[in-house]
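Heads up, the thing below is written out as structure tokens.
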Amino acid sequence: METFRQSISMMPRRYKQSLLVIFDMVALTFAVWLSYLLRFSVVFMPNGEQIMLMISAPLIALPIFIRFGLYRAVIRYLPDKAIWTMIQAVTISVIIWVCLAFLTQMTGAAGVPRAIPFLYWVLGVAIICGSRFAAKWLLWSPLGEKFLERQCVIFGAGDAGRQLANALRSQKDVFVAGFIDDDKSLQGMDILGIRVYPPAKIEYLVENFGIKEMIVTTSALTGIERRRLVGRLKALDVKVRILPAISDLTAGKYIVSNLRDIDIDDLLGRSPVPADPELLDKTVEGRVVLVTGAGGSIGSELCRTIVKLAPAKLVIFDVNEHSIYQLQRELNAISDCVVIPVLGSISDAILIRRVLAEHRVENVYHCAAYKHVPLVEENTVEGARNNVIGTEVLARNSCEAGVRNFVLISSDKAVRPSNVMGATKRWAELIVRYYGNQAQAENTGQVFASVRFGNVIGSSGSVVPLFREQISGGGPITLTHDDMTRYFMSVREAAELIIQAGALSSGGDILMLEMGEAVRIRDLAENMVLLAGLSVKDANNPDGDIEIVTVGIRDGEKLHEELFYDPQGVSATRHPKILRAQRRVNGLDHLPGSIDELRRLIEKQDAEGIRKLLYTIAAS
């Protein structure tokens, strides 16, 4: 019996429809004959006219059944309310059949007793409705019980979705109830025997078919659409999972049935920005590269990207002993590139000078910085020493050592800064521009550039790891403001952008990734709770798992960050998703004197004086 069920389930859709049509033709003919038999209570042998009337009954019913969609319906998903549709179809077909019988009687043919139409209608309804629900129960009910805990729908009926449906069906561990696709040409069709529904039917499917899981193919939705979908499913007890990209499947990174839970990267509000391979290779291959702050989240990902681009040597520089030790081990395991670890501070001019000269560094990627806004706000002196003086020491010595490409990692907080960290980053941008202008004036061919972007998911100081920790601890999640928004990018995008900036810059530039829409932090927190398989506890759901609490904006925080001083002054680059900020006309001749003044204030530990000077220059 199980083999029979499986063979019927795997049968092509058109074969199932043909069997149903044949059954209806035979069954309705039998229903008319049985009506005569019941009426006369004897074995009935019809004459020629009556035989013709019996044959005409299914011929009349067939187009009506087609019009009412009785052959479009998928038996295994047949809802109870379909009974009404079948009753209507049978009723109309019986009425038309009676009209035909009346016309034949007018020609002198043998009549149809008045009880026959009623008996035919009763038998027709019983046979048509009963056959379909009996087939649903006999053939698919056992399968439904087997997969009751893992009923799913697949979002996207393209190649990836079809491959996934085949894999899940062959493994028999998930019951695919349907496809969801916004392609109107596919809606209503059956692919691999599975019905394709429009997105508007999601709630209907969840409610009627007990859907526990939605699997999204990566090509089916953009980042914005994924965010909207997750938001829509918040009120439903449905887990969202995502199929890896087809490029990953063909590269052998996954098997087609290997799904991952939807990651926070999928909710950025935009599609990931692909790198230009030529730009990546242009400034790294065969060169000696120095990465400061290499042990951090951005620096370490940058190093992983660089070692794949065949540099001559990679110097990893950090003040944290453990992180640089771990990074060296990891890089040595994935590449045969020469990796040189250096412990020290970027504000140590003697050490910086020695490292640049000893290794003949050609590229510098400056990631080392204090980035946590409240901590830098409380430690103004050390924030200024590391972020400003450290950048000046590194940039000046890189210029003197003949470094070909110098790239600073900046932040959107440098735009009209409202906190010490943002102000120090703005100073760092001005320092890099100063040395870029100097290199251009002296025609040295050196390129100094800054890369500015928003929050990097998972990086030090980002809200994402904080929210993950708070969720794992049972909550609450702490928000500073319900309407706060931020720009987000993945750490991979950040690393690739940093490398490409060196190839795109003409010196002294500030380059930015097109970041898409700003993400509302509260929406991000709610989505993270949902992705953890939990629910948000609020007034509408007092029995939820994780509460979100608003604690108020901290010192120096903005409600909304900006990426540009002047959005109208942004120009395109060779890469369609990387933008160049227009240079401000203010001169930088005052900068060396301001840095000397900052050094004096740092030596005096004058936090208020440092703060005032930082904001004065950052606003100029």
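Is it the case, given these coordinates, that Phe406 is touching a residue at least 24 places away in the same chain (Cβ under 8 Å) and in contact with a Phe, Trp or Tyr (Cβ under 7 Å, 6 or more places away or on another chain)? Write out each step before concluding.
Details: touching a residue at least 24 places away in the same chain (Cβ under 8 Å): yes; in contact with a Phe, Trp or Tyr (Cβ under 7 Å, 6 or more places away or on another chain): yes.
Here the answer is yes, as Phe406 does meet what is asked.
The range 241-331 holds helices (runs of 4 or more DSSP H) entirely within its bounds, and those carrying 1 or more residues that are within 27 Å of Glu392 (Cα to Cα), modelled with pLDDT of 65 or more and more than 23 Å from the chain's Cα centre (by Cα) map to 277-282, 297-307.
Regarding Leu302, is this residue over 18 Å from Ile409 (Cα atoms) and surrounded by 15 or more Cβ atoms within 10 Å (Cβ to Cβ)? Lay out the reasoning, then the answer.
Details: over 18 Å from Ile409 (Cα atoms): no; surrounded by 15 or more Cβ atoms within 10 Å (Cβ to Cβ): yes.
So Leu302 does not fit the description; no.
Applying the criterion of being surrounded by fewer than 24 Cβ atoms within 10 Å (Cβ to Cβ) and in contact (Cβ under 8 Å) with a residue 24 or more places away in the chain to the residues of the range 381-391, the residue that is farthest from Ala494 (Cα to Cα) is Val381. Of the residues contained in the range 135-143, none is found to be over 30 Å from Met25 (Cβ atoms) and either in contact with a helix residue (DSSP H, G or I) (Cβ under 8 Å, 6 or more places away or on another chain) or at pLDDT below 75 (or both).
In the set (1) within 20 Å of the chain's Cα centre (by Cα); (2) modelled with pLDDT of 80 or more, Ala160 fails one condition alone, (2). Restricted to strands (runs of 3 or more DSSP E) entirely inside the range 404-497, those with at least 1 residues that are small (Gly, Ala, Ser) and at pLDDT 75 or above are 447-452. For the range 357-372, the tally of residues that are of a type in the set (Gly, Ala, Ser) and surrounded by fewer than 24 Cβ atoms within 10 Å (Cβ to Cβ) stands at 1.
Would it be correct to say that Ile211 is surrounded by 19 or more Cβ atoms within 10 Å (Cβ to Cβ), within 23 Å of the chain's Cα centre (by Cα) and at pLDDT 80 or above? Before the answer, list the steps.
Numbers: surrounded by 19 or more Cβ atoms within 10 Å (Cβ to Cβ): yes; within 23 Å of the chain's Cα centre (by Cα): yes; at pLDDT 80 or above: no.
Criteria not met by Ile211.
The single condition from (1) under 29 Å from Lys612 (Cα atoms); (2) assigned to a helix (DSSP H, G or I) that Arg353 fails is (1).
The values are calculated or read from the model by the stated rules, or taken from the named source; none is laboratory data. Everything quoted here is computed from the prediction, not taken from an experiment. In this analysis, Cβ positions are derived from the backbone assuming ideal geometry, glycine residues included, and neighbour counts consider all displayed protein chains.
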